1. Right, Ala218: out of contact with any Phe, Trp or Tyr (no Cβ under 7 Å at 6 or more places or on another chain), in a helix (DSSP H, G or I) and assigned by TED's automatic domain parsing to the domain that holds Cys269 or not?
2. Please go through (1) more than 25 Å from Ala32 (Cβ to Cβ); (2) surrounded by 22 or more Cβ atoms within 10 Å (Cβ to Cβ) for Ala146 and return the number of the only condition it doesn't satisfy.
3. Output yes when any residue across the range 120-141 is touching a Lys or Arg at 6+ places or on another chain (Cβ under 9 Å) and more than 24 Å from Gln85 (Cα to Cα), and no when none is.
4. Of all residues in the range 72-128 being assigned to a strand (DSSP E or B) and closer than 20 Å to Ser18 by Cβ, which is farthest from the ligand (Cβ to nearest atom)?
5. Go through the range 133-172 residue by residue and tally those that are part of a loop (DSSP other than H, G, I, E, B) and under 24 Å from Gln113 (Cα atoms).
6. Between a residue in the range 60-82 that is without any contact (Cβ under 8 Å) to a residue 40 or more places away in the chain and any residue that is assigned to a helix (DSSP H, G or I), which pairs come within a Cβ distance under 8 Å, given they are 6 or more apart or on different chains?
7. Among the candidates Thr275, Thr240, Thr261, single out the residue that is among the polar types (S, T, N, Q), closer than 30 Å to Ala106 by Cβ and at pLDDT 95 or above.
Amino acid sequence: MNYTTSLTFIGAGNMSSSIIGGLIGEHYPPQAITACDPNLDALDRLSQTFAIQTTTDNTVACQQSDVIILAVKPQILKSVAEGLQTTLTNRANTSKESLPLIISIAAGITSQQIQNWLGQNVAIVRCMPNTPALVQQGACGLYATAQTSSEQKLIAEQLMQAIGDSVWLNDEALIDSVTAVSGSGPAYFFLLMEAMIDAGVKQGLNKDIATQLTLQTALGAATLAKSSDVSVGELRRRVTSPGGTTEQALNYFEHAGLRDTVTKAMQACADRSKTMAKELN
Ligand SMILES: NC(=O)c1ccc[n+]([C@@H]2O[C@H](COP(=O)([O-])OP(=O)(O)OC[C@H]3O[C@@H](n4cnc5c(N)ncnc54)[C@H](OP(=O)(O)O)[C@@H]3O)[C@@H](O)[C@H]2O)c1
């Protein structure tokens with residue numbers, strides 16, 4: 001990454017803290033990072049932890065910055081983006097090249113909406129991260145508008161790699177599918193873990209032991225799958241001996257229609273992602 005790129009985070013909440021923490025961990029210079037937020041406590045936490053610059057004034061911070069990361073809740077993104085219009089217009093009047101790259105991590109807001117609210121033909125990268133980003137184990141889908149240069153794409157990719165894995169999408173509509181797979185995915189695993197812990201308790205384990213075994217099993221299964229050169233289907237087959245114990249449980253899942261349930265649940269998630277964008281317009 002080019003460590004001279006100046007970064008401004010609008011919103012100093014969970015996601016900004018995680019990305020900034022990841023960048024500082026990779027020795028990104030704190031003086032090149034600014035966070036803006038009306039909440040002074042949030043700003044103090046970030047400046048004390050990471051020694052970055054902070055301000056309550058979004059427009060001042062965006063006057064020079066190479067990259068602006070929109071990390072506020074989707075419901076207030078319209079007013080935040082519209083508040084940057086004059087600053088960006090002034091920059092565009094100086095020279096089109098001085099316009100910053102805009103990176104949005106807000107769920108459900110399209111690049112066209114952001115473009116309209118900013119009032120400038122800027123390069124925009126949309127990101128859909130997930131909550132494990134808070135522990136630098138996120139999974140993120142990225143989409144770049146046509147105005148985004150390959151150098152700007154690289155910057156966005158490197159920012160997201162500070163909080164985990166990332167993949168590029170060539171169609172913005174696929175952000176809804178990423179939401180269904182990884183954006184909301186942690187909650188599916190939490191639900192399965194909850195159910196496994198409850199089932200373990202029903203079979204006589206105490207709750208702490210059932211929890212410890214379940215969480216370590218989830219971590220171990222994901223670590224094994226990531227480090228393996230065979231598919232997850234093959235890994236499943238390898239631990240399923242004919243007539244054995246695992247087969248009994250898996251047969252039950254299959255006959256209960258688990259795959260169909262997962263397909264329908266994820267479709268419902270993607271559909272909701274689409275309608276949310278319309279509601280927030
Ligand atoms: N958390 C996740 O795992 C996750 C996953 C995928 C996508 N996202 C997206 O990431 C974005 C940020 O999420 P988050 O979890 O980091 O939210 P968050 O913790 O609530 O952080 C948002 C911050 O923005 C501040 N803010 C409010 N109005 C502002 C303004 N006008 N200018 C600048 N800052 C302002 C908020 O201050 P107050 O608290 O005082 O309002 C808060 O500190 C959201 O759009 C969300 O959809 C999050």
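The values are calculated or read from the model by the stated rules, or taken from the named source; none is laboratory data. In this text, all values refer to a predicted model and were calculated from it rather than measured experimentally. Cβ atoms come from the backbone with ideal geometry, glycine included; neighbour counts cover every protein chain shown.
1. No: the conditions fail for Ala218.
2. The single condition Ala146 does not satisfy is (2).
3. yes
4. That would be Leu101.
5. So the first thing to find is which residues in the range 133-172 are part of a loop (DSSP other than H, G, I, E, B), and the list is 136-137, 145-149, 162-163, 169-172.
With under 24 Å from Gln113 (Cα atoms) added as a condition, the list becomes 145-149, 169-172.
Matching residues across the range 133-172 total 9.
6. Every condition considered, the pairs that remain are Gln63/Thr87; Gln63/Asn90; Gln63/Arg91; Ala81/Ile114; Ala81/Trp117; Ala81/Leu118; Glu82/Trp117; Glu82/Leu118.
7. Just a single option satisfies the conditions, and that option is Thr261.
A quick yes/no check of all residues on (1) within 22 Å of Met128 (Cα to Cα); (2) assigned by TED's automatic domain parsing to the domain that holds Gln158; (3) modelled with pLDDT of 95 or more; (4) over 21 Å from the mean Cα position of the chain (by Cα):
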position: Asn2; (1), (2), (3), (4): no, no, no, yes
position: Ile19; (1), (2), (3), (4): yes, yes, no, no
position: Gly22; (1), (2), (3), (4): yes, yes, no, no
position: Glu26; (1), (2), (3), (4): yes, yes, no, no
position: Gln31; (1), (2), (3), (4): no, yes, yes, yes
position: Ala35; (1), (2), (3), (4): yes, yes, yes, no
position: Asp41; (1), (2), (3), (4): no, yes, yes, yes
position: Asp44; (1), (2), (3), (4): no, yes, yes, yes
position: Asn58; (1), (2), (3), (4): no, yes, yes, yes
